[in-house]
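K.L.:
Below you'll find the structure I mean.
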Amino acid sequence: MKLMIKSAPKLMMFILAAIIITSSTTSCKSKKKLAREKAAAEYAMKVDQAKKDLTAMLNGTTPWSLDEQDKRLEVIKSYNIDDPAVVDLISQVASKLSIDRAEAERLAEEERLRLIEEEKLKAAASKYQGIDDQLGAIATAQSVDGANSQINITLQQFATPDIPVLIIISKAGGYNDYDRPTTISKFLNYLKDKQSYQYKVEAVKRDGLGKITELELIKK
Amino acid sequence: MKLSYLWLLIIALGFSFSVSAQDELSSERKQAVDSLALEKVRDLSKYISIIGSKETPWSEANRVIDRAEELFMTDSEIGVSSLNNPDKINYYNIRKYFERLMRLNYKKVEIEWYNIEYMSDLQKQPDGTYVGVITIFQKFKGYDAEGRLVYQDTTKKDITVYVKRKETQIGGRLIGFWDVLLGDMRVKETTK
């Protein structure tokens, strides 16, 4: 009995140590497990989010710009997800983004060329507006004498009364289809007779003195 | 040597394809040519009204006759009818018709063309010429010195139209153009 009383503190210490060791081992084990579970959950979330994002990009339902989609794809790739569905989606999205990029570049180039052409047309329109106005004035003159007077003024801008006038009737299919060529003198009188000007100056050639040597019109 | 012949053949084929492609008309280009032919008939309408008008100075009328004559193929004829002699239609050559029109024995003449439209569309012929028929209605009114309407009629006329693609050099450039020429103008019916 005495022996038991004597050894009791030791026993208590032993039991206490055993409890501490056991509990700390258990705690360590559960922390690792928790960490593993947490990591697995995070990975699953990443995979799930990656699938959602990739599918949206593939279906074109994301509001992201092409640059933002490229960035997101790079981030998803950096996860090194080995899920076969994600790998397949990455490949499909990469291919789609490449096509979209090419199409966007093509559209941007088309828009650039359209703007250049628009600028050219604007410049040409204002460049030849004076000639258009003069030709229009012949057509709308109030009398034959008034028209003849306008014709004489207009003819002074041309090298001779016989310089050629070309009239484009169609530009379809990449071909310029013309009416029978005429001379400026005949054309100005034609405007007087028709009393309407349904053309627009398309091109003008001038000599060294600035006189017009060829006039190209397009039918409106 | 054989290779150069091959190149020549390829170039010739390419050139002939390009030429035939320009002659073959898409619907858009055909529409432009159709409109051009109609426009020539409208031009003639305007010229006839100017030549016929007693207010047109003689020199102007003669200038317009020259322009109007250029619209026609050589040897074309224009039919003239009258309600006073309904069974007889006289055909005149172009120049003579216009000169006669200029000298009509009225104090004032009004000529108006309307309903100008294709009766038969332009059809391509074996020689490449497109041929069609355009119908017009002409309302003629003649007044005497007192301003009284002494004669009027409405005539339906058919005009044959010939359209051919031609080429010409202008300023060192080869220009392909559609040459529209009017043929005979036949009287179909005359009513009051």
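The values are calculated or read from the model by the stated rules, or taken from the named source; none is laboratory data. No experiment lies behind these values; they were computed from the predicted model shown. We place every Cβ from the backbone using ideal geometry, glycine too, and count neighbours over all the protein chains shown.
K.L.:
Sort out which residues of the range B:32-45 are within 13 Å of B:GLY132 (Cα to Cα) and without any contact (Cβ under 8 Å) to a residue 24 or more places away in the chain, and write them in order of number.
P.N.:
Residue satisfying the conditions is B:SER35 alone.
K.L.:
Suppose we keep only residues that are in contact with a helix residue (DSSP H, G or I) (Cβ under 7 Å, 6 or more places away or on another chain) and among the hydrophobic types (A, V, I, L, M, F, W, C) within the range A:185-220. Which one would you say is farthest from A:ALA147 (Cα to Cα)?
P.N.:
By that ranking, first place goes to A:VAL204.
K.L.:
Mind telling me which of the residues A:VAL86, A:VAL93, A:VAL144 ends up being within 24 Å of the chain's Cα centre (by Cα), more than 20 Å from A:GLU214 (Cβ to Cβ) and surrounded by 14 or more Cβ atoms within 10 Å (Cβ to Cβ)?
P.N.:
Working: A:VAL86 fails: within 24 Å of the chain's Cα centre (by Cα); A:VAL144 fails: within 24 Å of the chain's Cα centre (by Cα).
Answer to the selection: A:VAL93.
K.L.:
Also, I was wondering about something else. Test of understanding: among B:LYS30, B:LYS46, which residue is more than 27 Å from A:ALA139 (Cβ to Cβ), within 14 Å of chain A (Cβ to nearest Cβ) and in contact with a strand residue (DSSP E or B) (Cβ under 9 Å, 6 or more places away or on another chain)?
P.N.:
After applying the criteria, what remains is B:LYS30.
K.L.:
Name, by its number, the condition in (1) part of a helix (DSSP H, G or I); (2) farther than 22 Å from B:LEU36 by Cβ; (3) at pLDDT 95 or above; (4) more than 12 Å from every other protein chain (Cβ to nearest Cβ) that does not hold for A:ASN148.
P.N.:
Answer for A:ASN148: the failing condition is (4).
K.L.:
Another question, if that's okay. Determine whether A:LYS186 is modelled with pLDDT under 95 and either closer than 13 Å to B:GLY176 by Cβ or not aliphatic (A, V, I, L, M) (or both). Before the answer, list the steps.
P.N.:
On the way: modelled with pLDDT under 95: no; either closer than 13 Å to B:GLY176 by Cβ or not aliphatic (A, V, I, L, M) (or both): yes.
Criteria not met by A:LYS186.
K.L.:
Hey, can you tell me all the residues within the range B:80-132 that are outside any strand (DSSP E or B), under 15 Å from the mean Cα position of the chain (by Cα) and not β-branched (Val, Ile, Thr)?
P.N.:
B:ARG95, B:TYR97, B:PHE98
K.L.:
So is B:ILE175 buried (at least 16 other Cβ atoms within 10 Å of the Cβ) and away from every other protein chain (no Cβ under 14 Å) or not?
P.N.:
Details: buried (at least 16 other Cβ atoms within 10 Å of the Cβ): yes; away from every other protein chain (no Cβ under 14 Å): no.
Judged against the criteria, B:ILE175 is not a match.
K.L.:
Within the range B:56-73, how many residues are closer than 18 Å to A:ALA147 by Cα and more than 9 Å from chain A (Cβ to nearest Cβ)? Break it down into steps so the answer makes sense when it comes.
P.N.:
Taking the range B:56-73 as the starting set, the residues that turn out to be closer than 18 Å to A:ALA147 by Cα are B:56-64, B:67.
Of the ones still in play, those that are also more than 9 Å from chain A (Cβ to nearest Cβ) are B:58-59, B:61-62.
Total meeting the criteria: 4.
K.L.:
Suppose we keep only residues that are without any contact (Cβ under 8 Å) to a residue 24 or more places away in the chain and assigned to a loop (DSSP other than H, G, I, E, B) within the range A:161-208. Which one would you say is surrounded by the fewest Cβ atoms within 10 Å (Cβ to Cβ)?
P.N.:
Across the range A:161-208, the extreme among qualifying residues is A:GLY208.
K.L.:
Evaluate the range B:109-121: report whether one residue or more is under 30 Å from A:PRO181 (Cα atoms), surrounded by 15 or more Cβ atoms within 10 Å (Cβ to Cβ), touching a residue at least 24 places away in the same chain (Cβ under 8 Å) and of a type in the set (D, E, K, R).
P.N.:
no
K.L.:
Right, here's the next one. Considering only the range A:151-160, state which residues are more than 18 Å from A:TYR199 (Cβ to Cβ) and in a helix (DSSP H, G or I).
P.N.:
A:ASN152, A:ILE153
K.L.:
If B:ARG67 satisfies all but one of (1) free of Cβ contacts under 8 Å to residues at least 40 places away in the same chain; (2) touching a strand residue (DSSP E or B) at 6+ places or on another chain (Cβ under 9 Å); (3) over 29 Å from B:ALA145 (Cβ atoms), what's the number of the condition it fails?
P.N.:
(2)
K.L.:
Moving on to the next point. Being assigned to a helix (DSSP H, G or I), touching a Phe, Trp or Tyr at 6+ places or on another chain (Cβ under 8 Å) and not β-branched (Val, Ile, Thr) is true for just one of A:GLY136, A:GLY130. Which residue is that?
P.N.:
Only one candidate qualifies: A:GLY136.
K.L.:
Would you pick out the residues in the range A:154-192 that are aromatic (Phe, Trp, Tyr) and more than 13 Å from A:LEU217 (Cα to Cα)?
P.N.:
A:PHE158, A:TYR175, A:TYR190, listed by residue number.
K.L.:
Restricting the search to the range B:84-101, which residues are at pLDDT 95 or above and either of a type outside the set (Val, Ile, Thr) or over 17 Å from B:THR190 (Cα atoms) (or both)?
P.N.:
B:ASN90, B:TYR91, B:TYR92, B:ASN93, B:ILE94, B:ARG95, B:LYS96, B:TYR97, B:PHE98, B:GLU99, B:ARG100, B:LEU101
K.L.:
Would the range B:38-48 turn up any residue that is modelled with pLDDT under 95 and either of a type in the set (Asp, Glu) or under 17 Å from B:ASP158 (Cα atoms) (or both)?
P.N.:
There is no residue in the range B:38-48 that is modelled with pLDDT under 95 and either of a type in the set (Asp, Glu) or under 17 Å from B:ASP158 (Cα atoms) (or both).
K.L.:
Quick one: would you say A:THR55 is modelled with pLDDT of 90 or more and assigned to a loop (DSSP other than H, G, I, E, B)?
P.N.:
On the way: modelled with pLDDT of 90 or more: yes; assigned to a loop (DSSP other than H, G, I, E, B): no.
For A:THR55, the condition - modelled with pLDDT of 90 or more and assigned to a loop (DSSP other than H, G, I, E, B) - is not met.
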